[in-house]
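> This is the structure I want to talk about, given as C-alpha cells.
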Amino acid sequence: VKRSVADIEAALLADSDTEWDVDRLMSNVSAGVRQRRRRNVALTAVAAAVLTVGATLPVLLLHDSGGTVPIGTTSGPTGPTTAPAPTTSSTPVSRFAADEVVLQFASVGGQTLPINAATGLPNMTFYGDGRIIQPNVNETGPQAPTLQIPWVSTISQHDLEKVVALAKGAGLGEDVDYGIPTNLAIPNSRITFNDGSGQRVILIDAMSYDAEPGLTQAQLQARQKVKDLTMQLANLSYFGIEKSRSEPYPMTALAVIAEPWSQLPDSYPHPAEKTWPGPAIPDPGPDAKNLSCVTISGDELSAVSQALQGAIVYTPWLVGGQKWFIRARPLLPHEHSCADLDW
Amino acid sequence: VPTALEVLVTFEEFARARLAALARYAAVLTGDRALAEDVVQEVMIRAYGRWQQIDEMAQPDAYLRRMIVNEYLSWRRRWARVVPQADAGADQLLPDFTQSHADRQAVRSELARLPRRQRAVLVLRYYEHLTDAEIAEVLDCPQGTVRSLASRALATLRVDARKQQLLGERP
C-alpha cells in the first residue's frame, strides 16, 4: 500500500500532540544548572590547577620567547612603559584608536571557578596602537601570586595590518559556523576582531576539543583555520613581524576581586594572614558566584600594590572584622570598571 | 516598538514561554518522549550558560531548535556506542488515542526506526516546513544529500514518489 506525504505529516503531528508539564521541565533545567555550578565549585585545587594550565595552553602556544622578564615587582617597569616599536620606512597612521581592541583571544566558560573567570586575563590582545598584552603564564596554580601582571610588547602599525590580514585569512571577518560540541567542561574561545569595519565577537565552543561528536567536516575545518592562526600569531617573526621586548604592563588601575574566606583542606597552602590596606570590600553580589569587586587607582594604587607583593591566591586578608581571599589584576587599556571583566 | 534585539529577555522568561514548544519539537524529532525530554533539558542547560549571546540573536528560538537537532544527532551517536541499536524508540512511543487512520501507528513505528539523519530530514521538511536549502544548512551538508536522505526515508516508508514530488518539494 502506497502512502502519501500527508500520512507522514499526520504521524509527525501526532508525536507533537503531547502535553508537557512546563513547571517540571523548568525545575529539571534549574536543577541541572545548579548541579553543574556545584560541580564547578567542588573542583579540588589540583583539578583546578590542571584546568588552569589547560586553559592557558593557548597562551603557551601564543607566547614567543622574545622578552622574558621577571614578573612580580609592583613598582612597574623601570624603563620606558613600552619599548619603541620597530621602525619601518613607511609606518602608516593607525586607523584604530590606541586603546581599541583589534584582535583578542580569551578563554571563557568551561569548568572554571567563578573567581578564576573574573580575574583571568585574555590570552592575547592586539591594540590599535600596536601593543600586545598577554598574561604571565608562569603565574598559575595554588602558589600563584595574588597580583597578576601581564606582559606588554609592541609591533608597528604596518605589522598590525599584517596581523589583521592573517586574521581575515583565517575567516574571522566572515560569518562562519563553528558548531557546538557537546563537552561542557572545556573553556570556550571568545575572539574579538576589528578589521576596521567594526568589532565582531566570535564564540567558538570548546575549540580545543575538535573531535567531539556533533561537529561537521566544514565546522572542523573552520576551527582548524583559527587554530592555525593562533600558531601563526605565536610565530610572528616567521611573517616578518618584529615584536619589541616584553615589559610588565604599566598599570594605572587595578581590579580587586574578593571572595569570602573559607576553611581550606590541609593539602592547600596556608599562608599567613595579611591586613588589607585598600578600600572597603562591598558585600558579594546576590548571585551564586559570591564575589565582590572594587577598582583602585590614583594614590591608593601604590599602597595596595606594595601590600599585595608576596601574597598568593590563598592568603587570607583581614578587612575590618572579616576575612577574604583576594585576587588582583590591572585593568587593561580597553577596560574601565569591574563590569568589563569576564563574570 | 522595540525590536527583539532591543528587549532584554531573561533566560527564565524565555524558557517559560518556549519550553513546551521546544519539547514538542524535540518529541517530533526523536519520536521518543523520554529522549525528547532529556535532549531539550540538556539544550536548555547549555543555553543558560551562554544566554547573553543567544538572547542577542535575531532568532533565539531558531538557534535553540538547531541546538536540539545537533544534540539529538550526537546523543544518538553516543548512545549507540554502548547500547545495541534495535528498534530504538519504537516501543517507547505513547499510544495515540486520537488516531483516525489505522496505519498511523505503523507509520510512527517505522519513522522511529529510520536512521537519525533521515528522520531529521523528514521532520525539518514536513513538520518545520523548511526548504531543502535550509535543511542543508541546518545539517551542514549539500542539498543533494538532503534530497537523497529524504528519498531513502520516503522509500522505506513506502510513500508515493509522485505525491512526494507534488507535496514534498518546497520552492
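> Any chance you could count how many residues in the range B:130-154 are closer than 19 Å to A:LEU12 by Cβ, at pLDDT 90 or above, within 11 Å of chain A (Cβ to nearest Cβ) and surrounded by fewer than 20 Cβ atoms within 10 Å (Cβ to Cβ)?
Residues flagged as closer than 19 Å to A:LEU12 by Cβ, at pLDDT 90 or above, within 11 Å of chain A (Cβ to nearest Cβ) and surrounded by fewer than 20 Cβ atoms within 10 Å (Cβ to Cβ) within the range B:130-154 amount to 0.
> When you look at A:THR216, is it within 30 Å of B:TRP75 (Cβ to Cβ), over 23 Å from the mean Cα position of the chain (by Cα) and of a type in the set (Ser, Thr, Tyr), yes or no? Please lay out each step first, then the result.
Numbers: within 30 Å of B:TRP75 (Cβ to Cβ): yes; over 23 Å from the mean Cα position of the chain (by Cα): yes; of a type in the set (Ser, Thr, Tyr): yes.
So A:THR216 fits the description; yes.
> Counting only residues that are under 24 Å from A:TRP151 (Cβ atoms) and touching a residue at least 12 places away in the same chain (Cβ under 8 Å), give me the strands (runs of 3 or more DSSP E) lying completely in the range A:233-343 with at least 2 of them.
Filter on the range A:233-343 gives A:253-260, A:292-297, A:322-330.
> While we're on this one: Taking the condition among the charged types (D, E, K, R), at pLDDT below 80 and closer than 20 Å to A:GLY32 by Cα, does B:GLU42 pass?
Here the answer is no, as B:GLU42 does not meet what is asked.
> Which residue is surrounded by the most Cβ atoms within 10 Å (Cβ to Cβ), if the candidates are limited to the range B:12-22 and must be within 22 Å of A:LEU13 (Cβ to Cβ) and in contact with an Asp or Glu (Cβ under 9 Å, 6 or more places away or on another chain)?
Only one residue fits best here, namely B:LEU22.
> Can you pull out every residue in the range A:295-343 that is of a type in the set (A, V, I, L, M) and within 19 Å of the chain's Cα centre (by Cα)?
Scanning the range A:295-343 gives A:VAL313, A:ILE326, A:ALA328, A:LEU331, A:LEU332, A:ALA339, A:LEU341.
Residues checked against (1) away from every other protein chain (no Cβ under 14 Å); (2) of a type outside the set (Val, Ile, Thr); (3) farther than 30 Å from A:PRO271 by Cβ:
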residue: A:ILE149; (1), (2), (3): yes, no, no
residue: A:ASP159; (1), (2), (3): yes, yes, yes
residue: A:VAL163; (1), (2), (3): yes, no, yes
residue: A:VAL176; (1), (2), (3): no, no, yes
residue: A:ILE191; (1), (2), (3): no, no, yes
residue: A:GLN199; (1), (2), (3): no, yes, yes
residue: A:ILE202; (1), (2), (3): no, no, yes
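> OK, next. Which ones in the range A:106-135 are within 8 Å of the chain's Cα centre (by Cα), assigned to a loop (DSSP other than H, G, I, E, B) and of a type outside the set (A, V, I, L, M)?
If the condition is that a residue be within 8 Å of the chain's Cα centre (by Cα), assigned to a loop (DSSP other than H, G, I, E, B) and of a type outside the set (A, V, I, L, M), then A:GLY120, A:PRO122, A:ASN123 are the ones that fit.
> Restricting to the range B:48-65, what's the tally of residues that are more than 9 Å from chain A (Cβ to nearest Cβ) and assigned to a helix (DSSP H, G or I)?
10
> I've got another one for you. With (1) hydroxyl-bearing (Ser, Thr, Tyr); (2) under 19 Å from A:ILE115 (Cβ atoms); (3) outside any loop (DSSP other than H, G, I, E, B) as the list, and A:THR230 as the residue in question, which single condition is left unmet?
Single failed check for A:THR230: (2).
> Counting just the residues of the range B:23-41 that are more than 8 Å from every other protein chain (Cβ to nearest Cβ) and of a type outside the set (Val, Ile, Thr), which one comes out surrounded by the most Cβ atoms within 10 Å (Cβ to Cβ)?
Top of the filtered list is B:LEU29.
> Further question on the same structure: Can you confirm whether the range A:280-288 contains a residue that is among the small types (Gly, Ala, Ser), closer than 30 Å to A:HIS158 by Cα and exposed (fewer than 13 other Cβ atoms within 10 Å of the Cβ)?
Within the range A:280-288, none of the residues are among the small types (Gly, Ala, Ser), closer than 30 Å to A:HIS158 by Cα and exposed (fewer than 13 other Cβ atoms within 10 Å of the Cβ).
The values are calculated or read from the model by the stated rules, or taken from the named source; none is laboratory data. Please read all numbers here as calculations on a predicted model, not as lab measurements. With ideal geometry, Cβ positions are generated from the backbone for all residues, glycine too; neighbour counts draw on all protein chains shown.
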